[in-house]
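In what follows, a single structure is set out as structure tokens and then discussed.
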Protein chains: 4
Amino acid sequence: MRDPRPTPPEGQQVSNETTYGYFGPRGTFTQAALAAHLESVGAADRLDASVPFATVTAVLDAVQAGEIDLGVVPIENSVEGGVSATLDALNARDELYIRAEVLVPITFVLAARPGTTLESVRAVGSHSHAWAQVRGWMEANLPAAHYVPTLSTAAAAEDLSGLDDLTYQAAVCARMAADTFGLEVLASDIGDNASAVTRFVVVSGPGHLPAATGADKTTIMLFQHDDHAGGLLEMLEQFAARGINMTRLESRPTGAAMGSYGFSIDFEGHLDDARVAETLMSLHRVAARVRFFGSYPRADARPAEVVPSASDESFADARDWLEQLRTQG
Amino acid sequence: MRDPRPTPPEGQQVSNETTYGYFGPRGTFTQAALAAHLESVGAADRLDASVPFATVTAVLDAVQAGEIDLGVVPIENSVEGGVSATLDALNARDELYIRAEVLVPITFVLAARPGTTLESVRAVGSHSHAWAQVRGWMEANLPAAHYVPTLSTAAAAEDLSGLDDLTYQAAVCARMAADTFGLEVLASDIGDNASAVTRFVVVSGPGHLPAATGADKTTIMLFQHDDHAGGLLEMLEQFAARGINMTRLESRPTGAAMGSYGFSIDFEGHLDDARVAETLMSLHRVAARVRFFGSYPRADARPAEVVPSASDESFADARDWLEQLRTQG
Amino acid sequence: MRDPRPTPPEGQQVSNETTYGYFGPRGTFTQAALAAHLESVGAADRLDASVPFATVTAVLDAVQAGEIDLGVVPIENSVEGGVSATLDALNARDELYIRAEVLVPITFVLAARPGTTLESVRAVGSHSHAWAQVRGWMEANLPAAHYVPTLSTAAAAEDLSGLDDLTYQAAVCARMAADTFGLEVLASDIGDNASAVTRFVVVSGPGHLPAATGADKTTIMLFQHDDHAGGLLEMLEQFAARGINMTRLESRPTGAAMGSYGFSIDFEGHLDDARVAETLMSLHRVAARVRFFGSYPRADARPAEVVPSASDESFADARDWLEQLRTQG
Amino acid sequence: MRDPRPTPPEGQQVSNETTYGYFGPRGTFTQAALAAHLESVGAADRLDASVPFATVTAVLDAVQAGEIDLGVVPIENSVEGGVSATLDALNARDELYIRAEVLVPITFVLAARPGTTLESVRAVGSHSHAWAQVRGWMEANLPAAHYVPTLSTAAAAEDLSGLDDLTYQAAVCARMAADTFGLEVLASDIGDNASAVTRFVVVSGPGHLPAATGADKTTIMLFQHDDHAGGLLEMLEQFAARGINMTRLESRPTGAAMGSYGFSIDFEGHLDDARVAETLMSLHRVAARVRFFGSYPRADARPAEVVPSASDESFADARDWLEQLRTQG
């Protein structure tokens, strides 16, 4: 249960000077995510001063360089899966941490310049992830249209609005992008999966770990010593042994060789929870490398379910008992 | 060690009428994979009669419809990871099976119309996966060039060769594509990872399971009953309990909800190996669903390492012993 | 729920010629167990023809030699644990199998020759296992009495009745023994644990495996290849992986070296249950040796709880699916 | 490798006033164990002042009551297994701890009053554990002799020497007992297992935890919350997860009900080793109860093998890393 009037969690206080960047241009779902996040921390007025960047990489570079305080990028789509560019870019930068997450329902429209009819659409521009999510609608309604890849859904809309020699007549994008760039909506809710959601993360530099709220997530990347099935098993057992639920598991190739993977993992709990601290230390011991990307409040504010043997009290009792053994045993 | 003169494995005999399709256009790495496969089964002369398709989906549809006997598509890149389009398209079709795999080293060139200088390149077209693999070179050598996404690397080259109003002046593609479409190579070996390899699979309809060779792989997709950490653990333990090495593990969202995954897995061994048969049956019992994509010879012909307790002999001994217990126990 | 009128399970038909032996002398709890067993199989009239033997070993030798058809021996006490002599004697004989189990509540009396007073008892004879179970009563009521070990509780009573130069004046034994040998009961229900139960097994030679009833137990002895913690873990995981409950786990030294153990195990289910068959075969593969001691109906007739994924149907479905893959995959 | 000149480990300094008790009478293997232990701590002169007790329980009661400082009792026999009386008596007393272990090779002799011939032996007295270890020899050499149970092997010898109306003519005991009580050895080395060894422990009250030596053992008793196979598995996984070898595992009934067990366990390592401390705390969290019986130097001085991920350094590194995350993450 959260207070309807948003109070920013400790460590996330936003001042008038806090600067934000996002994967743009204006009109992307990422901008919508940023808007929702600012709303939740009581800083909706910072949206206009936020800076759009052309790529996920550019957002993260700007955070790393200190040009902006916080950057918003997509990390996971309920239909298409992990956003590889974001996962890989985070892995490649040692000083970036996730401070918050935002869930945004994804609904697509088909937009075109005013006056365009559906019948006249012979090609459609969009980002390949969006295209993948409207294939069914396209096959049913525009079977002859061919696909033109673009850098983002908003870029498809922006170009359609501004450029004259385009090879496509309609864009698949968010309604916000259609509005932003003065396009007309030919069809709405054209996504094949009505419950599609994209998860975005708010990223900053080091030193701002949010306080534990009881409803937190932690994100890490695990690399195993060698690539045998048992290695992953041994690492996953560390979570199971302490009753910790994973909420996301993505394999990412390390690039070293075919079959060499790292595992990008979200799990319930905060670095300051005893079960999480011990799990992280165990992983540090058995994995080749553990990259910690931060602990932060869950977007859905759902408290972690903790079995009695994994509660902070249980860990504290065990430590007291051990100390007693040292002196009285 | 394989005979240098290729003998097609049982079940893969290629007749003069066998028809092939691939993810085209001509000049893609997929066509190179098909060429290597045909060479290995002694049917190099079938290359010219093979049909390029515009998308991975189109190749698989053609196999499913019986328009072609075998289709070649990329499934995994050592740098970028699983090819989502292929994994998802295979999952969506019940009657397709993998019959062989091909590994192709990936080396990129920067190609342009004859007479173009590197300095005059302001934009570069390519598939987003290829672009991801040359980012380092681009930043060092063409930092100002912007990226234009295309449907494939070969499409970038083909369009560059044939269309006049393009928004890019150079393409990142395979040398074969540059040659095919009459482009000049401005720079070669521009991939950031010199050992990049892409894995392709040869797909057919049902009823052609290749015989076991002792150096085989099996590909499956696993769906768990509910999305708890323990569920994946329980499934992975089935492999570990029988000494089976996994060679690829990819999570793919099921689309049902955020955090709902299936796992695309390659592992060592063949359906006809006792340890594999029992593992598959166990997974069938504990998983919500197991989709079997076939057992096929490994491209590198490396025999599986089998611990004594997981050998066919050990399974046969155990069965004999059990039968004895039934009558003499 | 079992029919109140006992019908002998298939494979346990008792004819007029079936001969029984038991760990005697008359009056032991083992004779009581035999009586209960004969009652349950509708052959109460065979009790008188049954033969007492002086030791557990002698009973088992007689079965092995074919002198008797079935022998009854204690195998486990709820207070004292496994009866080592029985476990070790069964292990040492390859051709003996457990066909039934009997549970007998254990209540002890203190018995003496008629006329003896409690005050005059300075020493008490009994089997060491019985002595262990009445220590509390003895300390409270006869603190000065010292203990004289005997071969069995009934032997203590029999000797007390028949021999004159005994070093003890009272015996701890079953009421049946006091009655049998004409002793007077000085105190009854003197056991420290009111719910003490001893489990007895009915043993025969090979070839009489009882049919599965749905409420069965199986007894085995496991020997690991080498004595590391992981070895036992790997064996126990075979049970857990198929949802099989263990009801007894006893470690027994192999005698080879300090720290070299075998594990005597009872678990729910019957050799003819698919989950049990596969577990036994798995153990056969990973253990150094598995000794099967039989599957037999549970004394308490409680049906095994079987998770859906471990049911016979689930195993049959998995096999059908696999067969389909072989031809249609 | 140990220094030939024994130096008492820290925490085990023996003064002139330190008093010892043992499971007697004189002449038992336990006295031999005490002699070996005193030798190893440079206090051989304390043997004469040591007190024999009639039972294991009496030794432990005397330690608990402070009548003696240290007590020596058998805990495990390589042929017969755990000494139930000792395990159960330790479990029943909260304030007793194991401070050292001693291994004594067990060789039996058949002893009788001077002048007795082998042929005249019609009955043999001994403790039932000893009798179990000479059965083979007896069957081969004295097949007609029957067995008379006694309280200990030394008691059999002592009684044979001192009492006139005995029911046996020879005793199975240690050579030391035969010598002590003036008996003649009719046969020696009559044990069926030439490598039989018994392990004894030196027990004291609280507050004397020996320092870690790098070659230590720890003894605990584990009780699970409920008696499912998974419960034991979960507890054993705590050891395996930290690379800890168990050297003894004994199940002991709790007495509460048939099938309710505790597990008496010895494992490698010392309370002050990081991997042991974390394992103990984990067990404390998941088990119903953990009883710690002490950490003490191994009799064979063999250093524990520790995998790199379980070393004290690895634990310290992991803690440092976690602390860094708290401030810099």
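A compact table of results
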read-out	value
Residue within segment A:123-133 that is at pLDDT 95 or above and surrounded by fewer than 21 Cβ atoms within 10 Å (Cβ to Cβ) present	yes
Condition check for A:Asp320: surrounded by fewer than 22 Cβ atoms within 10 Å (Cβ to Cβ), in contact (Cβ under 8 Å) with a residue 60 or more places away in the chain and within 11 Å of another protein chain (Cβ to nearest Cβ)	no
So D:Arg285, is it facing chain A (nearest Cβ under 10 Å), part of a helix (DSSP H, G or I), buried (at least 18 other Cβ atoms within 10 Å of the Cβ) and in contact with a Pro (Cβ under 9 Å, 6 or more places away or on another chain)	yes
Filter pass, D:Phe267 being touching a residue at least 24 places away in the same chain (Cβ under 8 Å) and closer than 28 Å to D:Ser40 by Cβ	yes
All positions within segment C:123-137 that are in contact with a Leu (Cβ under 9 Å, 6 or more places away or on another chain) and more than 11 Å from every other protein chain (Cβ to nearest Cβ)	C:Ala123, C:Val124, C:Val134, C:Trp137
Scope segment C:41-70; condition of a type in the set (Gly, Ala, Ser) and either touching a residue at least 60 places away in the same chain (Cβ under 8 Å) or touching a Cys at 6+ places or on another chain (Cβ under 8 Å) (or both); matching residues	C:Ala54, C:Gly66
Scan of segment A:1-49 for residues that are under 24 Å from A:Phe108 (Cβ atoms), at pLDDT 90 or above and surrounded by 21 or more Cβ atoms within 10 Å (Cβ to Cβ), ordered by number	A:Tyr22, A:Phe23, A:Phe29, A:Thr30, A:Gln31, A:Ala32, A:Ala33, A:Leu34, A:His37, A:Leu38
Wholly enclosed strands (runs of 3 or more DSSP E) of segment D:15-134 bearing at least 2 residues closer than 30 Å to D:Asp165 by Cα	D:20-23, D:51-53, D:109-112, D:123-126
Only listed residue being among the acidic types (Asp, Glu) and touching an Asp or Glu at 6+ places or on another chain (Cβ under 7 Å), chosen from C:Asp159, C:Asp165, C:Asp94	C:Asp165
Residue identified as free of Cβ contacts under 8 Å to residues at least 12 places away in the same chain and touching a helix residue (DSSP H, G or I) at 6+ places or on another chain (Cβ under 9 Å) among B:Leu249, B:Leu209, B:Leu236, B:Leu232	B:Leu236
Residue tally, condition crowded, with 24+ Cβ neighbours inside 10 Å and either without any contact (Cβ under 8 Å) to a residue 60 or more places away in the chain or not in a helix (DSSP H, G or I) (or both), over segment C:167-180	5
Single match in A:Val306, A:Val290 (criterion: more than 24 Å from A:Gly207 (Cα to Cα), more than 7 Å from chain D (Cβ to nearest Cβ), in contact with a strand residue (DSSP E or B) (Cβ under 9 Å, 6 or more places away or on another chain) and not acidic (Asp, Glu))	A:Val306
Filter pass, A:Ala215 being surrounded by fewer than 19 Cβ atoms within 10 Å (Cβ to Cβ), in contact with a Pro (Cβ under 7 Å, 6 or more places away or on another chain) and over 26 Å from B:Ser260 (Cβ atoms)	no
Criterion violated by A:Asp226 - all others in (1) under 25 Å from the mean Cα position of the chain (by Cα); (2) more than 10 Å from chain B (Cβ to nearest Cβ); (3) of a type in the set (D, E, K, R) satisfied	(1)
Odd one out for C:Val41 among (1) within 14 Å of chain D (Cβ to nearest Cβ); (2) closer than 25 Å to C:Thr247 by Cβ; (3) out of contact with any Leu (no Cβ under 9 Å at 6 or more places or on another chain); (4) among the aliphatic types (A, V, I, L, M)	(1)
Residue match in segment A:168-181 (condition: hydrophobic (A, V, I, L, M, F, W, C), within 14 Å of chain B (Cβ to nearest Cβ) and more than 28 Å from A:Ile75 (Cβ to Cβ))	no
Tally of residues being at the interface with another protein chain (Cβ under 9 Å from one of its Cβ atoms) and either under 26 Å from B:Ala316 (Cα atoms) or of a type in the set (D, E, K, R) (or both) across segment B:250-274	6
Single condition B:Ser78 does not satisfy, out of (1) at pLDDT 90 or above; (2) within 14 Å of chain A (Cβ to nearest Cβ)	(1)
Looking only at segment A:135-166, and only at residues there that are part of a loop (DSSP other than H, G, I, E, B) and hydroxyl-bearing (Ser, Thr, Tyr), the one that is surrounded by the most Cβ atoms within 10 Å (Cβ to Cβ)	A:Thr150
Qualifying residue in segment A:187-205 (condition: away from every other protein chain (no Cβ under 11 Å), among the polar types (S, T, N, Q), more than 23 Å from A:Val73 (Cα to Cα) and free of Cβ contacts under 8 Å to residues at least 60 places away in the same chain)	no
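Okay, residues lined up against (1) among the polar types (S, T, N, Q); (2) outside the structural domain of C:His37 (by TED's automatic domain parsing); (3) under 30 Å from the mean Cα position of the chain (by Cα):
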position: C:Ile98; (1), (2), (3): no, no, yes
position: C:Glu101; (1), (2), (3): no, no, yes
position: C:Arg113; (1), (2), (3): no, yes, no
position: C:Glu119; (1), (2), (3): no, yes, no
position: C:Arg122; (1), (2), (3): no, yes, no
position: C:Gly125; (1), (2), (3): no, yes, yes
position: C:Met138; (1), (2), (3): no, yes, yes
position: C:Ala144; (1), (2), (3): no, yes, no
position: C:Leu151; (1), (2), (3): no, yes, yes
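The values are calculated or read from the model by the stated rules, or taken from the named source; none is laboratory data. Note that the structure is predicted; figures quoted are calculated from it, not measured. Glycine also receives a Cβ, built like all others from the backbone with ideal geometry; neighbour counts cover every protein chain displayed.
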